[in-house]
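Peer 1: Just dropping this structure here.
The values are calculated or read from the model by the stated rules, or taken from the named source; none is laboratory data. Just so we're clear, the structure is a prediction, and the values are computed from it rather than from any experiment. Note that we place each Cβ from the backbone using ideal geometry, even for glycine, and neighbour counts take in every protein chain shown.
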Amino acid sequence: MRKRCFWMGVYMCTSGTKSQSTRWRAKCIIEDASRLILLLRASIRSPQTPIFHPKKILVTGVGMTKGLALARLFFAAGHEVIGADFEPSLIPTACGHMSKAIKRFCKLTKPGQEGGAKYTKSILDIVVKEDVDLWVSCSGVASAVEDGEAKELIELVTNCKAVQFDVATTKRLHEKHLFMEYTRSIGLPTPESHTITSRAAALQLLIEGGAEGTAKGKKDIGSTEYIMKYVGTDDAVRGDMTLLPLNTPAATKAHIGRLPISEDRPWILQQYIKGSEYCTHSLVVRGEVKAFVACPSAELLMHYSALPSESALSQSMLRFTQEYAAAGGESFTGHLSFDFLVDEAEAEAAARDPTKHVHLHPIECNPRAHTAVALFNDTPAMAEAYMTLLQPSTSVKKLKLDEKVMANGLAPQPIFPVTPTKQYNWVGHDLFEFIILPVFALLFSNTTNVSKVLDGILEFAEHLLFWHDGTFEIWDPLPAWWLYHVYWPTQFLLCLVYGKEWSRINVSTCKMFMC
């Protein structure tokens, strides 16, 4: 009797008799090889079935890791993906343009000084022409409000649904002072913060004792410290984390005097929390958190490692996100990301007790997709979470902080990245951070030593061997090659030609922070 068995992921052919013919063996090998090919193909892209109905999905921002990651997830689930991003007219620089996950790529018109009408129309034109079922917005910070305008227009004149907040919600969450005010209004904790519209107001708080814990501009042991942050987006001041007040009133005045503060350009004076920084990414559909991940963060985050979903820190940040989402109601749909600071003592206690409710200090909200979405790369259920927007709505119960939402089931469990979750980096960034810059510093500026250079080389080797490049997939390698060999060389060449200077680069979002 002939039979088949499956062992270690490979089909093998066995026989009840020893006189099995060569012809049968050949046939068996061919059949098993065919099955193996089908298995490998299915591991990349789910086959269409009579029950499964693929959708047309538009993903904007596919030149960035976050947009490309979601496009690949939808493709693997069997959907038809339309990709879109900004590109110059002659050179296709967006790495997502090269992805096999994207059936068609469309160029978007950048928002101009006259407004975002052309940008909004370019998205609407794609939705109408391609008969798109779902628009997943993964665009950058520069078009945040315009994406809200596009969402309102698209859902008004077409049947397409958008994973994007409306204009009012986007502004409320994007602008730091409005975010703090709204967060307090729904009963969630915030660090001490003050909206500043003039230098005099800032100096009054910092020097004359108006800010809590300061006295005559001098730092006392245990006194509160602050940082000044522009409420919008400005690359020139984004990295300024100067602790205020400075040692003398004169130094504080000089620092504040260099900041462009006005009624039209407000800033926020925010309490500085000494501790660890964390960020989150979540998908919210009709006020319900469908997918969630939290990870350690930094001012310029280029290495992603997910916190355990059952940890006290992750659970506390999830509770915060769930209540925030529920407060938004049925119309609250989009990508929602928070930045938190946690006191060192709180973080240590949370590490010891997974049931602890951690006291969080929310410092910023990004009402758009976060690069941390790459942590879901091996989570097929993520694609299905987006499809819930195309299903009939259900009411969302408003959650309270004192409810054990994860323990008693009052809130449905969101999708977390599958475990063990890969750690993500970008090889191009690591090459400069751990090898090129330290070697240059050793050879030309004498600001480092051989031991530190060797440490950097070892860390680079560890990342190369055991981490995963956020843009690279073995079944879709061209976007990563294009990113490092076409996109960034093109950007550097343009900067040299036009004499532009930059201070930092975020490889994952393709953003240069100009000086």
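Every residue, every condition in (1) within 27 Å of residue 468 (Cβ to Cβ); (2) free of Cβ contacts under 8 Å to residues at least 60 places away in the same chain; (3) in a strand (DSSP E or B); (4) not small (Gly, Ala, Ser), yes or no:
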position: 345; (1), (2), (3), (4): no, yes, no, no
position: 348; (1), (2), (3), (4): no, yes, no, yes
position: 358; (1), (2), (3), (4): no, yes, no, yes
position: 369; (1), (2), (3), (4): yes, no, no, no
position: 373; (1), (2), (3), (4): yes, no, no, yes
position: 378; (1), (2), (3), (4): yes, yes, no, yes
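Peer 1: Further question: Looking at (1) in contact with a strand residue (DSSP E or B) (Cβ under 6 Å, 6 or more places away or on another chain); (2) under 19 Å from residue 283 (Cα atoms); (3) among the hydrophobic types (A, V, I, L, M, F, W, C), which one does residue 180 not meet, given that it meets all the others?
Peer 2: (2)
Peer 1: Would you pick out the residues in segment 137-161 that are out of contact with any helix residue (DSSP H, G or I) (no Cβ under 6 Å at 6 or more places or on another chain) and surrounded by 20 or more Cβ atoms within 10 Å (Cβ to Cβ)?
Peer 2: 140, 143, 147, 151
Let's see how each residue does on (1) within 30 Å of residue 467 (Cα to Cα); (2) assigned to a helix (DSSP H, G or I); (3) assigned by TED's automatic domain parsing to the domain that holds residue 392:
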| site | (1), (2), (3) |
| --- | --- |
| 239 | yes, no, no |
| 263 | no, no, no |
| 295 | yes, no, yes |
| 318 | yes, yes, yes |
| 321 | yes, yes, yes |
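Peer 1: Name the residue, out of 109, 60, 65, 93, that is of a type in the set (Val, Ile, Thr), modelled with pLDDT under 95 and within 17 Å of residue 509 (Cα to Cα).
Peer 2: Answer to the selection: 93.
Peer 1: If we scan segment 453-473, do we find a residue that is among the aliphatic types (A, V, I, L, M), in contact with a Pro (Cβ under 7 Å, 6 or more places away or on another chain) and either closer than 24 Å to residue 239 by Cβ or in a helix (DSSP H, G or I) (or both)?
Peer 2: Checked segment 453-473: at least one residue is among the aliphatic types (A, V, I, L, M), in contact with a Pro (Cβ under 7 Å, 6 or more places away or on another chain) and either closer than 24 Å to residue 239 by Cβ or in a helix (DSSP H, G or I) (or both).
Peer 1: If a residue has to be in a strand (DSSP E or B) and surrounded by fewer than 22 Cβ atoms within 10 Å (Cβ to Cβ) to count, how many in segment 277-289 make the cut?
Peer 2: Total satisfying the criteria: 1.
Residues checked against (1) farther than 19 Å from residue 325 by Cα; (2) under 21 Å from the mean Cα position of the chain (by Cα); (3) outside the structural domain of residue 329 (by TED's automatic domain parsing); (4) part of a helix (DSSP H, G or I):
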position: 124; (1), (2), (3), (4): yes, no, yes, yes
position: 139; (1), (2), (3), (4): yes, yes, yes, no
position: 142; (1), (2), (3), (4): yes, yes, yes, yes
position: 151; (1), (2), (3), (4): no, yes, yes, yes
position: 156; (1), (2), (3), (4): yes, no, yes, yes
position: 162; (1), (2), (3), (4): no, yes, yes, no
position: 165; (1), (2), (3), (4): no, yes, yes, no
position: 168; (1), (2), (3), (4): no, no, yes, yes
position: 172; (1), (2), (3), (4): no, yes, yes, yes
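Peer 1: Could you say which residue among 305, 314 is of a type in the set (Gly, Ala, Ser), crowded, with 18+ Cβ neighbours inside 10 Å, touching a Ser or Thr at 6+ places or on another chain (Cβ under 9 Å) and within 26 Å of residue 467 (Cβ to Cβ)?
Peer 2: 314
Peer 1: So residue 336 ticks every box in (1) surrounded by 21 or more Cβ atoms within 10 Å (Cβ to Cβ); (2) more than 24 Å from residue 70 (Cα to Cα) but one. Which box is left unticked?
Peer 2: (2)
Peer 1: While we're here: Got a number for residues in segment 182-199 being assigned to a helix (DSSP H, G or I) and either at pLDDT 95 or above or within 20 Å of residue 370 (Cβ to Cβ) (or both)?
Peer 2: 4
Peer 1: Which one is farthest from residue 62 (Cα to Cα) among residues in segment 91-120 that are in a loop (DSSP other than H, G, I, E, B) and in contact with an Asp or Glu (Cβ under 9 Å, 6 or more places away or on another chain)?
Peer 2: 116
Peer 1: Same structure again: What do you reckon, is residue 337 under 28 Å from residue 229 (Cα atoms), among the hydroxyl-bearing types (Ser, Thr, Tyr), in a helix (DSSP H, G or I) and assigned by TED's automatic domain parsing to the domain that holds residue 414?
Peer 2: no
Peer 1: Working carefully through the options 74, 52, 86, find the one that is closer than 27 Å to residue 283 by Cβ, at pLDDT 70 or above, exposed (fewer than 14 other Cβ atoms within 10 Å of the Cβ) and not assigned by TED's automatic domain parsing to the domain that holds residue 476.
Peer 2: On inspection, the qualifying residue turns out to be 52.
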